[in-house]
1. So which residues in the stretch 56-74 are surrounded by 14 or more Cβ atoms within 10 Å (Cβ to Cβ), over 20 Å from the mean Cα position of the chain (by Cα) and closer than 22 Å to I107 by Cα, if there are any at all?
2. Do the conditions hold for Y100, that is, is it within 26 Å of R135 (Cα to Cα), modelled with pLDDT under 80 and among the aromatic types (F, W, Y)?
3. Taking H92 and the conditions (1) at pLDDT below 80; (2) closer than 30 Å to S136 by Cα, which numbered condition does it fall short on, given that it satisfies the others?
4. State all residues of the stretch 32-55 that are within 20 Å of the chain's Cα centre (by Cα) and either assigned to a helix (DSSP H, G or I) or at pLDDT 85 or above (or both); if no residue qualifies, say none.
5. Considering only the stretch 75-94, how many residues are surrounded by 11 or more Cβ atoms within 10 Å (Cβ to Cβ) and not hydrophobic (A, V, I, L, M, F, W, C)?
6. Residues being at pLDDT 95 or above and either farther than 20 Å from S44 by Cα or aromatic (F, W, Y) (or both): count how many of those fall in the stretch 136-158.
7. Quick one: which of E126, E157 is out of contact with any strand residue (DSSP E or B) (no Cβ under 6 Å at 6 or more places or on another chain), without any contact (Cβ under 8 Å) to a residue 60 or more places away in the chain and of a type in the set (D, E)?
8. Six or more apart or on different chains, Cβ under 9 Å: which pairs go from a residue in the stretch 93-115 that's more than 12 Å from G72 (Cβ to Cβ) and outside any strand (DSSP E or B) to one that's at pLDDT below 95 and not polar (S, T, N, Q)? Could you list them?
Amino acid sequence: MAEQDRRRVVPGARPQDDDLRFSFFCGLVLNVYNTYRKEPMAQSLSTLEQQRSHLAAELSRLGDLRPGSVTGIVRRCGKPTCHCAQPDDPGHGPTLRLTYKVQGKTISEALPTPASVRKAEREIAEFRRFQELSRSFLEVNEKICRLRPAEEQPMSEQEKKRPRRSSRKSRAK
């Protein structure tokens, strides 16, 4: 208590250097602990391999898929005598379109019938499922890679002939 009186703790003021060091250290330790301790129990290698094969089987059962989204476009035609030219009129539409990116460019396709809209929505939902499965597949694979022990193998002839670092100093240019 006497130490706090000596430091003069002012509400809303910046903490002293000792307080900053301690809080930074605690935050750093907690962050490292949280990053490395995501799961409470370690899974066995065989369990993870079974999960991976199950995810691979689910990936192989996926149907038609495509990225993108279905959007409704409301527009004005530009004719001055049309109802859409009035200030309070919402315009023509909505016209449903499939929008997606190809090499950084946005592509928009018209979806003229309700059947084409349903088909596009099914394909997009299947693509989202693909993303989810592939994310899970990679996570399980990373865990397998961490658990699998490294196998010691003798060095190949090419590795034995690898050039060594020069002990000479490089000339300054």
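The values are calculated or read from the model by the stated rules, or taken from the named source; none is laboratory data. All values derive from a computational prediction rather than experimental measurement. Here the Cβ positions follow ideal geometry from the backbone for every residue, glycine too, while neighbour counts run over all protein chains shown.
1. Within the stretch 56-74, V70, I73 meet the criteria.
2. Numbers: within 26 Å of R135 (Cα to Cα): yes; modelled with pLDDT under 80: no; among the aromatic types (F, W, Y): yes.
No.
3. The single condition H92 does not satisfy is (2).
4. N34, T35, Y36, R52, L55
5. Looking only at that region, the number is 9.
6. Matching residues across the stretch 136-158 total 1.
7. E157
8. Final answer for the pair search is P112/L96; P114/L96.
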